[in-house]
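The values are calculated or read from the model by the stated rules, or taken from the named source; none is laboratory data. Since this is a predicted model, take the numbers as computed values, not measurements. Cβ: placed from backbone, ideal geometry, glycine included. Neighbour counts: every protein chain shown.
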2 protein chains.
Amino acid sequence: MSNLFEKELSSEKLFSGKIIDLYVQEVELPNGKKSKREVVKHPGAVAVIARTSENKLLLVEQYRKPLERTLVEIPAGKLEEGEEPIVTAKRELEEETGYTTDKLSLLISFYTSPGFADELVHLYLAEDIQKMDVKAELDEDEFVNLMEVTLKEAEQLLHEQRIYDAKTAYAVAYLQLQEAAKK
Amino acid sequence: MSNLFEKELSSEKLFSGKIIDLYVQEVELPNGKKSKREVVKHPGAVAVIARTSENKLLLVEQYRKPLERTLVEIPAGKLEEGEEPIVTAKRELEEETGYTTDKLSLLISFYTSPGFADELVHLYLAEDIQKMDVKAELDEDEFVNLMEVTLKEAEQLLHEQRIYDAKTAYAVAYLQLQEAAKK
């Protein structure tokens, strides 16, 4: 990697928000020339693959203002400061679906947009989920519709581009691989 | 979705960059309360799954300033204004790998970070790729190392978190599914 390194010459914070911060950084390229990088800092997030005892996948429909439309996604949410990702995963599952479990395992983590943002998503598998007696409260600016679908229905939602984001597309591929491994 | 819609009350552009623009928008939530949304606008991007005649996957190692490290990714790049995604896919394949093809097909498109950004990635499958006599020029601020790896080696890179981004993780899952389907 030594031949690829970009040395930071300056970093200016242009915006500090509720969720993201924005920096413009001047860097020295490997060839000695200078360039600018636009960098969004994000606290990171979790997402959860959870299936009911009837093998239905839990999905939530949510309005996404950047896209001016709703998407159907696996339950997800951003990390609170100092919160362990597995704790966030359990909390988001409870808040968005009304199910809970103590059996959560990390499947994979990935950066969503490494060209301009440092958002890292931790994808968990939830097993043995149980319906909660009292549904956990969503954040006050969060509104979701819960869906419970078969893998076939999830594939259809993907085909219709109602499922249309990277983490949920990855989750569907993961479940397809699990199915293929059974055969 | 009608019960999820967020009505835009105002939108302020806080930054206009080379790659991204940043807006802060005030919205009316479904319950009538007001909230703010931080929205990054991005032109969109393409990524390409390309294998050589020896069935090696083309990957590029690249320094990612937002992460302060290199990642190993499938070839990718952002859309130029007015450019068809399939044209971008061919161009990025040529520039980053020195291979070309006229056989490109769209596998899937997905939003990478729908919570705060509108970046849409179009993932193409390149077939029958050919080494170019004269390598295409990279952008002047772009430096990459080309790698050609087996699926097993790609799985190992993913395990080592040198492959660490959503689109490349999805690409590996796609290739695993193709392998599983052959059995």
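Specify the residue that is farthest from A:Asp165 (Cα to Cα); the eligible residues are those in segment B:29-69 that are among the charged types (D, E, K, R) and either touching a residue at least 24 places away in the same chain (Cβ under 8 Å) or away from chain A (no Cβ under 11 Å) (or both). Walk me through it before giving the result.
Of segment B:29-69, the ones among the charged types (D, E, K, R) are B:33-34, B:36-38, B:41, B:51, B:54, B:56, B:61, B:64-65, B:68-69.
In the following step, the residues that additionally are either touching a residue at least 24 places away in the same chain (Cβ under 8 Å) or away from chain A (no Cβ under 11 Å) (or both) were identified as B:34, B:37-38, B:41, B:51, B:54, B:56, B:61.
Details: B:Lys34: 26, B:Arg37: 19, B:Glu38: 18, B:Lys41: 16, B:Arg51: 25, B:Glu54: 32, B:Lys56: 27, B:Glu61: 24 Å.
Within segment B:29-69, the match that is farthest from A:Asp165 (Cα to Cα) is B:Glu54.
Mind listing whichever residues of segment A:146-168 are surrounded by 15 or more Cβ atoms within 10 Å (Cβ to Cβ) and not charged (D, E, K, R)?
A:Met147, A:Val149, A:Leu151, A:Ala154, A:Leu157, A:Leu158, A:Ile163, A:Tyr164, A:Ala166, A:Thr168
Out of B:Lys18, B:Lys65, B:Lys56, B:Lys33, I need the residue that is surrounded by fewer than 16 Cβ atoms within 10 Å (Cβ to Cβ) and either in contact with a Lys or Arg (Cβ under 6 Å, 6 or more places away or on another chain) or over 22 Å from A:Ser35 (Cβ atoms) (or both). Which one? Reasoning before the result, please.
Details: B:Lys18 fails: either in contact with a Lys or Arg (Cβ under 6 Å, 6 or more places away or on another chain) or over 22 Å from A:Ser35 (Cβ atoms) (or both); B:Lys65 fails: surrounded by fewer than 16 Cβ atoms within 10 Å (Cβ to Cβ); B:Lys56 fails: surrounded by fewer than 16 Cβ atoms within 10 Å (Cβ to Cβ).
So the residue among B:Lys18, B:Lys65, B:Lys56, B:Lys33 that is surrounded by fewer than 16 Cβ atoms within 10 Å (Cβ to Cβ) and either in contact with a Lys or Arg (Cβ under 6 Å, 6 or more places away or on another chain) or over 22 Å from A:Ser35 (Cβ atoms) (or both) is B:Lys33.
Kindly indicate the residue of segment A:146-180 that is in contact with a strand residue (DSSP E or B) (Cβ under 8 Å, 6 or more places away or on another chain) and basic (Lys, Arg) and also nearest to the other protein chains (Cβ to nearest Cβ) among those meeting that condition.
Within segment A:146-180, the match that is nearest to the other protein chains (Cβ to nearest Cβ) is A:Lys167.
Yes/no per residue for (1) touching a His at 6+ places or on another chain (Cβ under 9 Å); (2) hydrophobic (A, V, I, L, M, F, W, C):
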{"position": "B:Gly82", "(1), (2)": "no, no"}
{"position": "B:Pro85", "(1), (2)": "yes, no"}
{"position": "B:Thr101", "(1), (2)": "no, no"}
{"position": "B:Pro114", "(1), (2)": "no, no"}
{"position": "B:Glu142", "(1), (2)": "no, no"}
{"position": "B:Met147", "(1), (2)": "no, yes"}
{"position": "B:Ala166", "(1), (2)": "no, yes"}
{"position": "B:Val172", "(1), (2)": "no, yes"}
{"position": "B:Ala180", "(1), (2)": "no, yes"}
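Filter segment A:126-145 down to the residues that are within 22 Å of A:Ile86 (Cβ to Cβ) and in a strand (DSSP E or B), then identify the one that is nearest to the other protein chains (Cβ to nearest Cβ).
Looking at the filtered set, the residue picked out is A:Val144.
What number of residues within segment A:82-128 satisfy the criterion of being on the phi > 0 side of the Ramachandran plot and either charged (D, E, K, R) or in the same structural domain as A:Tyr23 (by TED's automatic domain parsing) (or both)?
1
Being crowded, with 16+ Cβ neighbours inside 10 Å, of a type in the set (D, E, K, R) and out of contact with any Cys (no Cβ under 7 Å at 6 or more places or on another chain): is that true of B:Asp139 here? Before the answer, list the steps.
Numbers: crowded, with 16+ Cβ neighbours inside 10 Å: no; of a type in the set (D, E, K, R): yes; out of contact with any Cys (no Cβ under 7 Å at 6 or more places or on another chain): yes.
Taking the combined requirement at face value, the residue does not satisfy it.
Out of everything in segment A:114-125 that is outside any strand (DSSP E or B) and in contact (Cβ under 8 Å) with a residue 12 or more places away in the chain, what residue ends up being nearest to the chain's Cα centre (by Cα)? Steps first, answer last, please.
So the first thing to find is which residues in segment A:114-125 are outside any strand (DSSP E or B), and the list is A:114-116, A:118-119.
Narrowing the set further to residues that are in contact (Cβ under 8 Å) with a residue 12 or more places away in the chain leaves A:116, A:118-119.
Working: A:Phe116: 16, A:Asp118: 13, A:Glu119: 9 Å.
Looking at residues that are outside any strand (DSSP E or B) and in contact (Cβ under 8 Å) with a residue 12 or more places away in the chain, I get A:Glu119.
Which residues, taken from segment A:48-97, are of a type in the set (A, V, I, L, M, F, W, C) and farther than 14 Å from A:Ala171 by Cβ?
Applying the first criterion (of a type in the set (A, V, I, L, M, F, W, C)) to segment A:48-97 yields A:48-50, A:57-60, A:67, A:71-72, A:74, A:76, A:79, A:86-87, A:89, A:93.
Residues satisfying the conditions are A:Leu67, A:Leu79, A:Ile86, A:Val87.
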